[in-house]
Amino acid sequence: MPITQAEASRLARRTGMKQEEFAVMNDGALTLLNNAQTRACVFLLTDSADLNAEGMCSVYEIRPKGCRTYPYVLNHEDRAVLDEGCPHRSQFPTPPEGMDMVLLNLEERIVREGSAD
Ligand code: SF4
C-alpha cells in the first residue's frame, strides 16, 4: 500500500517503530512492507498467509488514506474501480462519485514525494 510521508511519520510516532521497519521506497513510492511469514501488511494482526484469514489492522484509527479508500483503485484510464485482487470486493458498491479525483490526488501526492527523494 503506497503511503505519504506525513502518514509514515504519523505511523512511526504512534507505533514507536522506525519508518524502515514498516515502509520502503518501491518504484518511487513509499510503500507499506508485508510480513515475511503472512505476506500481509506488517500492521495486520494475523497468523495466516491465507487471503481469507481473519485479521485486524493494528493501526486502524490512523490507517493511511489508501487503506481508507481501498478496495477502490485507479484503472489504466484513471477511473476508480474495485480492485480485482480484493477477495471482498463484492461487498462494496460501485465507486462513489468523486472517487476518481480522490485517488488521482492521492497518487499525485505520493509520486511527487517519491520523486523528491
Ligand atoms: S488497513 Fe491497516 S493492515 Fe490494512 S494495509 Fe492499511 S495499515 Fe495495513
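Would you compute the Debye intensity of region 49-89 from its alpha-carbon atoms alone, equal scatterers and no solvent, and pass along log10 I(q)/I(0) at q = 0.34 Å⁻¹ to two decimals?
Log10 I(q)/I(0), no solvent term: -1.12.
Can you show me the helix-derived [θ] at 222 nm for the chain, built from DSSP H runs with n ≥ 4 at -39,500 (n - 2.57) apiece and divided by the number of residues, rounded to the nearest 500.
-8500 deg cm²/dmol
Go through P2, A23, Y70 and say which Cα lies farthest out towards the positive end of the charge dipole of the chain; charges sit on Cβ, +1 for Lys and Arg, -1 for Asp and Glu.
A23
Would you mind telling me which residue in E20, E97, E107 has the biggest mean-square fluctuation in a Gaussian network model of the chain, where springs connect alpha carbons within a distance under 10 angstrom?
E97
Measure out, as a whole number of angstrom, how far apart the alpha-carbon centroids of region 87-104 and region 14-41 sit.
Between the Cα centre of region 87-104 and that of region 14-41, the gap is 24 Å.
Near N75, within a Cβ-to-Cβ distance under 15 Å, what is the net charge of the other residues, with Lys and Arg +1 and Asp and Glu -1?
-4
What does the charge count near T38 come to, summing +1 for each Lys or Arg and -1 for each Asp or Glu among other residues with Cβ under 14 Å from its Cβ?
After counting each charged neighbour, the total is -2.
Just add up the charged neighbours of I62: K/R +1, D/E -1, any other residue whose Cβ is under 15 Å from the Cβ of I62.
+4
Most mobile of A80, A53, A23 per a Gaussian network model of the chain (Cα springs, under 10 Å)?
It is A53.
Would you mind computing the Rg to Rh ratio of the chain from its alpha-carbon coordinates, Kirkwood style for Rh?
That ratio equals 0.96.
Computed from the coordinates by the stated procedures, all read-outs in this text should not be read as laboratory data. All figures in this text were calculated on a predicted structure; none of them were measured in a lab. Note: ideal-geometry Cβ built from the backbone for every residue, glycine included; neighbour counts use all protein chains shown.
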